[in-house]
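Student: Dropping a structure here in structure tokens format, bear with me for questions.
The values are calculated or read from the model by the stated rules, or taken from the named source; none is laboratory data. Since this is a predicted model, take the numbers as computed values, not measurements. Reconstructed Cβ throughout: ideal geometry from the backbone, glycine too, with neighbour counts over all protein chains shown. To get the accessible areas, we keep the full protein, side chains included, count just its heavy atoms, and leave off ligands, DNA and RNA. Shrake-Rupley method; radii C 1.70, N 1.55, O 1.52, S 1.80 Å.
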Amino acid sequence: EGVVRLQRGAELEVDAWEFHRAAIAATTNASALDTAGRYRGDVLTVQFAYDDTLERYRSELRRVFLRLARTVLADPPDGAESHRIADLARQAWASAPDDEDIAGVAAARLARLGHTSEARDLIAATSAALTELGIDGDRFRREVLA
């Protein structure tokens, strides 16, 4: 019928499936950081750009990643390398540039890590994205900078 399906099996590894399994099993902020590092972004965006089923799956994986990122950025594990945390903040924001919550936590973490100019740029870009969507971007900027 023109349909191809991947069946889970011992000989087949799919990074998105592995990421999702690891995310479910992540019980500490350290394991959440390790798992978030396995996220590779949206899957099959070129091959199946407009496939509704894959778009729902992409959205689910993105939500899982952002949940892990929020957890880690709000309370990084002891001993975590600062560049890994900063990279996670950047990736989380890039995955959802108009998400006020993730932008706020990413900007706050970048500022705490000494990347204040980058944090300000992130806040400004999110404010502009929100304004473009008809949401009060200035309110977001004021609340984050308060």
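Student: Using Cα centres only, tell me the gap between segment 85-145 and segment 13-43 in whole Å.
Tutor: When both Cα centres are located, 23 Å separates them.
Student: Taking only DSSP H segments of four or more residues, each worth -39500 (n - 2.57), what value at 222 nm results for the chain once the sum is divided by all its residues, to the nearest 500 deg cm²/dmol? If you can, show how the numbers build up before the last one.
Tutor: Details: 7 runs with 95 residues, N = 146.
Dividing the helical sum by the residues of the chain leaves -21000 deg cm²/dmol.
Student: Which of these, Asp98, Asp52, Asp15, has the largest mean-square fluctuation under a Gaussian network model of the chain (Cα springs below 10 Å)?
Tutor: So, out of Asp98, Asp52, Asp15, the one fluctuating most is Asp52.
Student: Once the principal axes of the Cα atoms of segment 45-116 are found, what is the range along each, listed largest first in whole angstroms?
Tutor: 41, 22, 19
Student: Same structure again: Gaussian network model of the chain, Cα springs within a sub-10 Å range: biggest mean-square fluctuation belongs to which of Gly114, Gly134, Gly37?
Tutor: Gly134
Student: Same structure, new question: Leaving out ligands, DNA and RNA, what percent of the accessible area of the chain is carbon and sulfur, probe 1.4 Å?
Tutor: Heavy-atom surface of the chain belonging to carbon and sulfur, 1.4 Å probe: 50 percent.
Student: Let me ask you something else. Please go through segment 117-146 and write out the GluC sites (Glu not before Pro) that DSSP classes as loop and that have at most 13 other C-beta atoms within 10 Å. Provide the component values of the computation, followed by the final result.
Tutor: Details: sites: Glu118, Glu132, Glu143; in loops: none.
Sparse-neighbourhood loop GluC sites (Glu not before Pro): none present.
Student: Within the chain, which DSSP H helices have Cα atoms that stretch 30 Å or more along the helix axis and a mean Kyte-Doolittle hydropathy of at least -1.0?
Tutor: 52-74
Student: Let me ask something else. Once Lys and Arg get +1 and Asp and Glu get -1 on their Cβ, which of Gly114, Ala129, Ala96 lies farthest toward the positive end of the dipole of segment 90-137?
Tutor: Comparing the listed Cα positions along the dipole, Gly114 ranks first.
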